[in-house]
Amino acid sequence: MALPHGPAGVGAARRRLREELGECQTPDTVVDDAVLVLSELLSNACRHGRPIDGDGDGVRDSGIRAAWRLDADGLLTLEVTDGGGPTRPKPSSPSLTARGGRGLGIVGALSLDWGVRDRPGEVTVWAVLPVRGRHVRRDAVGTRMAVPAALGDLGGLFDELG
């Protein structure tokens, strides 16, 4: 998805991701996490990255790109590509009163993995989120539920649900 380099495209990308994940019957909590991660990646690209250079023919693309894919294994990969910036994306340690600097920490907390891929004239920051099956995070509710002893050992019975 091509987006303008600036805040105008963030809302459109969020809405499209939410809609497409909803069509795949992705759980609401996963959709919320994915939308938040995409927002953080897009905001960082707009704040710290340059617009993507064009196709090499002198054409200037004044934007950034967002992409996502949901694989058969239950993993959602989000990617945001910009034209690079003066520094490499890395988490920071902001003070309690700082107004920013928490974005990649949030991405790291909600993702199974994330990283940075460089190509000439482009930097892509990606994150992988669990969607279903064995990858999905177990919510606190699941850890509070006790199985009555009379039902025996049900461990692992629900591991593949999602």
Next on the checklist: Among 33-40, 66-73, how do they line up by average Cβ neighbours within 10 Å per residue, starting with the highest?
Outcome noted: 33-40, 66-73
Item to check | Of all accessible heavy-atom area on region 5-56, the percent that carbon and sulfur account for (1.4 Å) | outcome: 46 percent
Checklist entry - For labels at residue 77 and residue 1 in the simple 7 Å Cα→Cβ model, what's the distance in nm? => result 1.8 nm
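The values are calculated or read from the model by the stated rules, or taken from the named source; none is laboratory data. Computed from a predicted structure; not experimentally measured. Reconstructed Cβ throughout: ideal geometry from the backbone, glycine too, with neighbour counts over all protein chains shown. In case anyone asks, the SASA skips ligands and DNA or RNA and just uses the protein heavy atoms, side chains included. Shrake-Rupley method; radii C 1.70, N 1.55, O 1.52, S 1.80 Å.
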